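The values are calculated or read from the model by the stated rules, or taken from the named source; none is laboratory data. None of the values given here were measured: they were computed from a predicted structure. Cβ coordinates were reconstructed from backbone atoms using ideal geometry, including for glycine residues, and neighbour counts include every protein chain displayed. The accessibility values were calculated without ligands, DNA or RNA, using every heavy atom of the protein model including side chains. Shrake-Rupley method; radii C 1.70, N 1.55, O 1.52, S 1.80 Å.
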Amino acid sequence: MNEDFRLSAFDLQAEKTLFLRCYRAAWLCAHGSLAGFHERSVLEGAAYRASTSPKALQKLTLQGRFAGLLALDERRGRAQGYCWISFLFVEDSLRRQGLGRFLIAAAAERARELGRRELQLCTARGNPALGFYEKLGFTVCGTEPGALEPLLRLRLPV
């Protein structure tokens, strides 16, 4: 683990504006517009996940500076043996420094703590992060309905 990376609980109430900024930026990158983005739904989903576990929403800092977010839905996939990544974000200016890999490794560690054998997530077909996920070994295992288009469902054994 890089000593400069630090993962800590994310306080959604105190940092709601930051969470929404990150989610908007990710949505815009993945979809090319904010069409279909619903702030209230995003916040309600994050609050639901945060209510399930103190490790469901985590903030990544790099040398004390905000760097990214990881949101897990620890309930989804429990019976099927997977841990769901509901949101992963790395600040644009800090990409390509290993932070995304670090967040995926943290998600995998949490999945193993929960007795799960894989990670799953969804992404838009046009999301530039798709290549990142594929480089890490994620494979397409299906599709799911999305706000604007069907989303690719990806999985990674842990």
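Of all lysines in the structure, the ones whose alpha carbon falls short of 25 Å from that of LYS16, not counting any fewer than 8 places away in one chain, are LYS55, LYS59.
What number comes out for accessible area per residue over the chain if the probe is 1.4 Å? Units Å², please. The partial results should precede the final answer.
Details: 8360 Å² over 158 residues.
Per residue, the chain has 53 Å² of solvent-accessible surface.
What is the packing order of peptides 90-99, 55-64, taking the mean over residues of other C-beta atoms within 10 Å and listing the highest first?
Values: 90-99: 14.9, 55-64: 18.0.
Those peptides, ordered most packed to least, come out 55-64, 90-99.
When Rg/Rh (Cα atoms, Kirkwood Rh) is calculated directly from the model, which label among [x] 1.08; [y] 1.00; [z] 0.92 fits? The value matching this structure is [z]. FRET efficiency for TYR48 and ARG112, Cβ-Cβ distance as r, R0 = 22 Å, nearest 0.05? In this case the efficiency is close to 0.40.
The residues packed around ALA26, meaning those with a beta-carbon under 14 Å from its beta-carbon, carry a net charge of 0 if Lys and Arg are +1 and Asp and Glu are -1.
Which value in deg cm²/dmol, rounded to the nearest 500, describes the helix-derived mean residue ellipticity at 222 nm for the chain, given -39,500 (n - 2.57) per DSSP H run of n ≥ 4 and division by the residue count? Intermediate results must be reported in sequence, preceding the final value.
On the way: 4 runs with 52 residues, N = 158.
The helix contribution divided over the chain gives -10500 deg cm²/dmol.
Couplings 3J(HN,Hα) for the range 133-140, derived from phi with the Karplus relation 6.51 cos²θ - 1.76 cosθ + 1.60 (θ = phi - 60°), are 4, 5, 4, 7, x, 5, 10, 6 Hz, where x marks Gly and Pro.
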